[in-house]
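**Student:** If you scroll down you'll find the structure; I have some questions about it.
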Amino acid sequence: MTKEKLVVIGNGMAGCRAVEEILKRDPERYEIAIFGAEPRVNYNRIMLSPVLAGEKTFDDIVINDEAWYRDNGIALHAGRWVTGVDLEARKVLAEGGLEVAYDKLILATGSDPFRLPLPGADLSGVVTFRDLDDVDAMIAASAKPGARAVVIGGGLLGLEAAYGLARRGMGATVVHLMDVLMERQLDESAGYLLREALLERGVETVLGAHSEAIVGEDGKVTGLKLKDGRVLPCEILVMAVGIRPNATLAKASGLQVNRGIIVDDAMRTSDPAVFSVGECVEHRGNCYGLVAPIWDMCRALAEELTDGEGAYQGSVLSTRLKVSGVDVFSAGKFAGGEGCEDIVFRDAARGVYKRVVIEDGRVAGAVLFGDAADGGWYFDLMKAGTDVAEIRDTIIFGQAITEGLSGLDPSAAVAAMPDTQEICGCNGVCKGAITSAITAQGLTTLDDVRAVTKASASCGSCTPLVEQVIKATLGDGFKVQTGPKPMCKCTSHPHGAVREAILAQDLKSMPAVMQAMEWSTPDGCASCRPALNYYLLCAWPGEYVDDSQSRFINERVHANIQKDGTYSVVPRMWGGMTTPDELRAIADVADKYAIPAVKVTGGQRIDLLGVQKDDLPAVWADLNAAGMVSGHAYAKGLRTVKTCVGSEWCRFGTQDSTGLGIKLEKFMWGSWAPAKVKLAVSGCPRNCAESTCKDIGVICVDSGYEIHVGGAAGLHIQGTQLLTKVATEEEAIQLISAVMQMYREGGWYLERIYKWMARIGLETIHAATVEDLDNRAALFARFVKSQETAQVDPWAERASKGVEAGEFKPMATLPMGMAAE
Amino acid sequence: MTIQTFDIDPAWHDVGAVTDIPERGSRRVATAQGDVAVFRTGDGQVFALVDRCPHKHGPLSQGIVHGHGVTCPLHSWVIDLKTGQPTGADAGKGCTPVVPVRVQDGRVLLAQPVMAG
Ligand code: SRM
Ligand SMILES: Cc1cc2nc3c(=O)[nH]c(=O)nc-3n(C[C@H](O)[C@H](O)[C@H](O)COP(=O)(O)OP(=O)(O)OC[C@H]3O[C@@H](n4cnc5c(N)ncnc54)[C@H](O)[C@@H]3O)c2cc1C
Ligand code: SF4
Ligand code: FES
């Protein structure tokens, strides 16, 4: 009996696995031939990374050696390209005129690395990362002493390439378009930890970077130029920006191809005798770039080709990064979302971050960093769709703890824990230490336990567990916690502790704060994100980059949103003074852009109401041209400085209140603060500028300037209190700036000056800014420093310097409506 | 749940690159029947809704995006990006129409309506 002829195109992971699966089921059925363009036997492609890093050799990663082909009677055509398939005649045509007939054909042509069409992409030294030849080229480049590498792409491949090159002694820099490394697998928190871990291993990362051109000399690459003008020098440049299914051959042969080769659940293409598996495939609209789905596909295909019924259903994916000592795992909906519940565990001391996403009582995804031992367990729970309601309370602690306690309710589970069970990971406190402290010292509250044992002292995540332990030990004797209110639901720390930690621990980014302070959510919420953004901005002026997506719309677009979705525009009118030219410019702008309403505000300036968002940059450009800048009517920061006419005109005026108001506003505009800050300067105690209901108010008297603090006239009418009196304008400006800076550094987000003052006391402010002149000078100096980078007109940046250009116009305009529902 | 049904496959219209939309942010697409808000979430997914809050028609494209929701800039209702439904305390109070969207090779495609005969 003659055997059926099976030809496989592609001697890679999928092609050979398919053959293995078939041989396992029916070793006698087919006469097999395999074509592979690479001149070598089948090897484990994913292990090229350790080969590059020098942790493995090629021999270590061969999957099937020559003997395997021989023993199984497989003809291997290695190093030979297949140039065509004749579907009619059922023949494969290869380089050198070779023709091989088939009864069944498997296409396993993998994928091609994507090359960015940058100028200079064809220079020598520009490589991709796909096969052994690429690895050899990289190793050769690394042999040159002092050589540097740039890798474009901060995904799995790019990072493994950069790590490998760094291991070979090269300076390696990864350039990534996104703000988060491996953003398709990791959330921001894990991405941040990964970035730090790579840095420790000699890999630098440049995020949010747009590549502009590859530069070279004598046909060889010498560097990568970024859009911001920076040039990163390098002798080798690796492009790891993604892959494209290799469907060229299939398409040329007349098979149905979309992004990849289209197959049904039996892995059959549009020709009944032709099948396809691997990265070249498109199944139910999905293309895959990992091996796990390939194994599933190969099993289905082998069933189909050995008289069974192949039923591939698509795959759920998980990823691990192969960088030594960096434990990363990601699967499923790792980033959660509406309707999902996040369980987050952080251990700042060990650099661990774990996030398990629960949806409808089942695990929907997970991302683990620093300790990924339970990755497989979460992945299994996720794939099986197991109902995890029963183990929800302990699931984040992993399989061992959870299964050790299964079947018990949380309090019984805690009671059943052995004394040696670690409860608080960061401080290494086990259950026994807590229970004995409680009984020995008569502790009754969480605070007591924290103070004595350190359990849950740095961390929010084990607090519920510690409480359970106290409850189990004391029964009804347990007193519920009182104490400083946490910032929000994401953390157990109050605002003050977070602000202190930012400075004390040099925390310079939002993920850094969230990790160090063990946030219980992955990326914060609408309350803590704006607060942290401000705290970081205040702590690291000129260094921290503002996160516009953590700002309310008004501060994001520098205008106030109105009920109909239009915006209002309020230019500064220094101290309430204006000129005919400014008024004409405002009138012209109102006409030109058909602005429906012009109003005098309660803050002594003019509001243009009803501006279309698209028109904002043009409106600003016209106002800028007339010398006007943003009035920050939207800002948690300096708003208006109201003045009265003062000694210039008024028969009672004692000082130039208008002039001082203008000086103050020109000095202090642009500064961000915990909440809005309004100032006023009145020329005499008649107080026509309403100084005594402002955050900081000045009342001029014959002998100088009274400085008042802590007023407001909004929801709560609040009169100011007198801080002190100073003799000169200079001193007034210095003192007011010092108070402002003290508030900026110590106020909690959304806490206006009067509330801050009620919390810390007028005496404290007095001691720090009036009695201690050195301290006043230091506060003033810090304010001045902060102003150096804060005083940029956000309107000018957007109107003429192209900042956030995409924000104001629609990303596209379509002549027709859109399908909905 | 909003169920997306089509008798014929809709035509898809390329409205730009995924990277044109800021992460945890949104962009508008202007159409003859008003704006469509296209969102990109922290996990890189793309959603599209008619740019109109079910409450008092606030432009959802101007809200803060968190998880798979957006907080309306006017009165802080939180709208689920997948279903267009308000969530939490405002659940069940109306709904914003979902616009079918898909991402292919880094491009954002919106569905054009099938012409009614
Ligand atoms: C435009 C203006 C009313 C007017 O037409 O005069 C106004 C308009 C708004 N005020 Fe005001 N306030 C305006 C002067 C005032 C004043 C009077 C003043 O500054 O002398 C007060 C009382 C003084 C004070 O702040 O203590 C005032 C106390 C408030 C409050 C209560 C603040 C508080 O801490 O109690 C709010 C609510 C808030 O900030 O959360 C508020 C909030 C608002 C908001 C921002 C409401 C909002 O969130 O959208 C309004 C924005 C409309 C817009 O798009 O412009 N507005 N608001 C005034 C703009 C002043 C300016 O030139 O910048
Ligand atoms: C460095 C690296 C690290 C990776 N790490 C991981 C990981 O950690 N985890 C994971 O799951 N995945 C990883 N992957 C992805 C994984 O390797 C691929 O998913 C897998 O190799 C795809 O198998 P395949 O058979 O479809 O394609 P390939 O393995 O690429 O095989 C396709 C073969 O077909 C040949 N071929 C193509 N066209 C022709 C033709 N016309 N004629 C003859 N031969 C042809 C090619 O030469 C190639 O040998 C990694 C990939 C790389 C490059
Ligand atoms: S008082 Fe202020 S917040 Fe209230 S309606 Fe008037 S402008 Fe708006
Ligand atoms: S209009 Fe959206 S919450 Fe009111």
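The values are calculated or read from the model by the stated rules, or taken from the named source; none is laboratory data. All values derive from a computational prediction rather than experimental measurement. Don't worry about glycine lacking a Cβ; one is built from the backbone with ideal geometry, like all the others, and counts go over all protein chains shown. The accessibility values were calculated without ligands, DNA or RNA, using every heavy atom of the protein model including side chains. Shrake-Rupley method; radii C 1.70, N 1.55, O 1.52, S 1.80 Å.
**Student:** Among the polar types (S, T, N, Q) and surrounded by fewer than 17 Cβ atoms within 10 Å (Cβ to Cβ): does that describe residue B:61?
**Tutor:** Taking the combined requirement at face value, the residue does not satisfy it.
**Student:** Assess whether residue A:353 counts as being assigned to a loop (DSSP other than H, G, I, E, B) and either more than 16 Å from ligand 1 (Cβ to nearest atom) or of a type in the set (Ser, Thr, Tyr) (or both).
**Tutor:** It is false that residue A:353 is assigned to a loop (DSSP other than H, G, I, E, B) and either more than 16 Å from ligand 1 (Cβ to nearest atom) or of a type in the set (Ser, Thr, Tyr) (or both).
**Student:** Would you mind stating whether residue B:5 is more than 7 Å from every other protein chain (Cβ to nearest Cβ) and at pLDDT below 95?
**Tutor:** The answer is yes for residue B:5.
**Student:** While we're here: I'm trying to understand the selection: among the residues of region A:597-616, which are away from ligand 1 (no atom under 14 Å from the Cβ) and either open to solvent by less than 30 Å² (accessible area, probe 1.4 Å) or out of contact with any Ser or Thr (no Cβ under 8 Å at 6 or more places or on another chain) (or both)?
**Tutor:** Scanning region A:597-616 gives A:614, A:615.
**Student:** Also, I was wondering about something else. Do we have any residue at all in region A:114-128 that's among the basic types (Lys, Arg) and either at pLDDT below 95 or assigned to a helix (DSSP H, G or I) (or both)?
**Tutor:** So far as region A:114-128 goes, yes, one or more of its residues are among the basic types (Lys, Arg) and either at pLDDT below 95 or assigned to a helix (DSSP H, G or I) (or both).
**Student:** To continue, here is another question. Residues that are within 30 Å of residue A:141 (Cβ to Cβ) and not charged (D, E, K, R): find the strands (runs of 3 or more DSSP E) completely inside region A:1-113 holding 1 or more of those.
**Tutor:** Correct list: A:30-36, A:62-64, A:75-78, A:111-113.
**Student:** Looking at region A:182-203 only, could you name the residues that are away from every other protein chain (no Cβ under 14 Å) and closer than 14 Å to residue A:155 by Cα?
**Tutor:** Residues satisfying the conditions are A:194, A:195, A:198, A:203.
**Student:** Okay, moving on. Just for region A:266-298: of the residues that are at pLDDT below 95 and more than 14 Å from ligand 2 (Cβ to nearest atom), which one is least open to solvent (accessible area, probe 1.4 Å)?
**Tutor:** Per the stated criteria, the residue is A:285.
**Student:** Just checking, which of A:310, A:260 is over 30 Å from residue A:124 (Cβ atoms) and touching a strand residue (DSSP E or B) at 6+ places or on another chain (Cβ under 6 Å)?
**Tutor:** A:260
**Student:** While we're on this one: For a quick check of your reading of the model, give me the residue pairs whose first member lies in region A:263-286 and is assigned to a strand (DSSP E or B), whose second is open to solvent by 40 Å² or more (accessible area, probe 1.4 Å), with beta-carbon atoms closer than 6 Å and at least 6 apart or on different chains.
**Tutor:** Qualifying pairs under 6 Å: A:275/A:268; A:282/A:258; A:282/A:259; A:282/A:262.
**Student:** Identify, please: which residue in region B:22-34 is surrounded by fewer than 22 Cβ atoms within 10 Å (Cβ to Cβ) and outside any strand (DSSP E or B) and is, among those, nearest to the other protein chains (Cβ to nearest Cβ)?
**Tutor:** Among residues in region B:22-34 that are surrounded by fewer than 22 Cβ atoms within 10 Å (Cβ to Cβ) and outside any strand (DSSP E or B), the one nearest to the other protein chains (Cβ to nearest Cβ) is B:33.
**Student:** When region B:35-58 is examined, which residues are found to be of a type in the set (Val, Ile, Thr), within 15 Å of residue B:21 (Cα to Cα) and either open to solvent by 10 Å² or more (accessible area, probe 1.4 Å) or without any contact (Cβ under 8 Å) to a residue 40 or more places away in the chain (or both)?
**Tutor:** Once the filter is applied, which keeps residues that are of a type in the set (Val, Ile, Thr), within 15 Å of residue B:21 (Cα to Cα) and either open to solvent by 10 Å² or more (accessible area, probe 1.4 Å) or without any contact (Cβ under 8 Å) to a residue 40 or more places away in the chain (or both), region B:35-58 yields only B:46.
**Student:** Within region A:765-791, count every residue that is of a type in the set (A, V, I, L, M, F, W, C) and in contact with a Lys or Arg (Cβ under 8 Å, 6 or more places away or on another chain).
**Tutor:** 3
**Student:** Any idea which residue in region A:502-528 is farthest from the other protein chains (Cβ to nearest Cβ), counting only those that are open to solvent by less than 10 Å² (accessible area, probe 1.4 Å) and without any contact (Cβ under 8 Å) to a residue 60 or more places away in the chain?
**Tutor:** Here the residue is A:502.
**Student:** With the requirement that a residue be within 16 Å of ligand 1 (Cβ to nearest atom) and touching a residue at least 12 places away in the same chain (Cβ under 8 Å), what does region B:65-91 give you?
**Tutor:** Residues satisfying the conditions are B:72, B:73, B:74, B:75, B:77.
**Student:** With the structure loaded, tell me whether residue A:309 is away from ligand 2 (no atom under 12 Å from the Cβ), without any contact (Cβ under 8 Å) to a residue 60 or more places away in the chain and either open to solvent by less than 50 Å² (accessible area, probe 1.4 Å) or among the hydrophobic types (A, V, I, L, M, F, W, C) (or both) or whether it fails that test.
**Tutor:** no
**Student:** Here is a further query. For the subset of region A:638-652 comprising residues that are at negative phi, touching a strand residue (DSSP E or B) at 6+ places or on another chain (Cβ under 9 Å) and of a type outside the set (Val, Ile, Thr), which member is most open to solvent (accessible area, probe 1.4 Å)?
**Tutor:** A:647
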